[in-house]
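Structure, as structure tokens:
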Amino acid sequence: MILLRREIGDVLRDARQRQGRTLREVSSAARVSLGYLSEVERGQKEASSELLASICEALNVPMSFVLRAVSDRVAVVEGVHVPDTVPDELLRRESVLQPVG
């Protein structure tokens, strides 16, 4: 059975390790306890959206990248093909929401 908290933890740990950073460095930057971050990375705790945003900011990785990586991992397990493009209607909606000037 696939658990989102495990996939999210794996993606966050991979990002941290690729940067050569320690749990202590990232937990300090994210303002979360080292133990809690460790539990999130191991998939033992479910990160709230606020905590996930804080960890992503500490890693300097957009949350959308983390969520996309998690989505891709889940799709592989489910055997689902996920297109590698953003649908036109979403692009149009996004451009309407962007400030002008």
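The values are calculated or read from the model by the stated rules, or taken from the named source; none is laboratory data. Keep in mind the model is a prediction, meaning the values are calculated, not measured. Cβ sites come from the backbone with ideal geometry, for glycine too, and all protein chains shown count toward neighbours.
For region 6-21, indicate whether the set of residues that are more than 16 Å from the chain's Cα centre (by Cα), surrounded by 13 or more Cβ atoms within 10 Å (Cβ to Cβ) and modelled with pLDDT of 95 or more is non-empty. Yes: one or more hits.
Within region 30-59, residues that are closer than 17 Å to GLN17 by Cα have Cβ atoms under 7 Å from residues that are polar (S, T, N, Q) in these pairs: ALA30/SER54; LEU34/SER27; LEU37/SER27; LEU59/GLN19, counting only partners at least 6 apart in sequence or on another chain.
Of note, LEU52 satisfies the criterion of being modelled with pLDDT of 95 or more and among the hydrophobic types (A, V, I, L, M, F, W, C). Candidates are the residues of region 42-74 that are in a helix (DSSP H, G or I) and β-branched (Val, Ile, Thr); the one that is surrounded by the most Cβ atoms within 10 Å (Cβ to Cβ) is ILE55. Given the condition under 24 Å from VAL74 (Cβ atoms), in contact with a helix residue (DSSP H, G or I) (Cβ under 7 Å, 6 or more places away or on another chain) and part of a loop (DSSP other than H, G, I, E, B), answer yes or no: does some residue in region 22-30 qualify? No, region 22-30 has no match at all.
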